[in-house]
Amino acid sequence: MSGPNGEPHVAAGAAGRDDDDDGDSFGEEEYAAINSMLDQINSCLDHLEEKNDYLHACLKELLESNRQTRLEFQQQQQSEQQNMEDDEQGSEPAI
């Protein structure tokens, strides 16, 4: 089980040692604690990946929306410019 800071709860004096070994190997509790931490890390990474995918989709949608808006704005400017040119040509006195 995890402690209050997400750290595994390991009994004092048993950290990293089996009762029958000289301290070079982990016991079942330590493996379980490590496995639990790895599961938590994996879960966090999955959550981050989901958020990243969502943000990527939102940014692509925003980019496409901005492109469309820019095109509409350019078309509107061209139309207004054409209308101004047409008005200037129409208001010139005929010679």
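The values are calculated or read from the model by the stated rules, or taken from the named source; none is laboratory data. It should be emphasised that the depicted structure is a prediction, and the values quoted were computed from it without experimental measurement. Surface accessibility is based on the protein's heavy atoms, side chains included, excluding ligands, DNA and RNA. Shrake-Rupley method; radii C 1.70, N 1.55, O 1.52, S 1.80 Å.
Quick notes on this structure:
- Accessible area of D87 in the full protein assembly, 1.4 Å probe (Å², nearest 10): 110 Å²
- Gain in span if fully extended, L38 to C58, counting 0.36 nm per residue against the direct Cα distance: 4.2 nm
- Segment E85-R70, length gained on full extension (0.36 nm per residue, minus Cα span): 3.2 nm
- Accessible-area order (highest first, 1.4 angstrom probe) of the listed residues Y31, Y54: Y54, Y31
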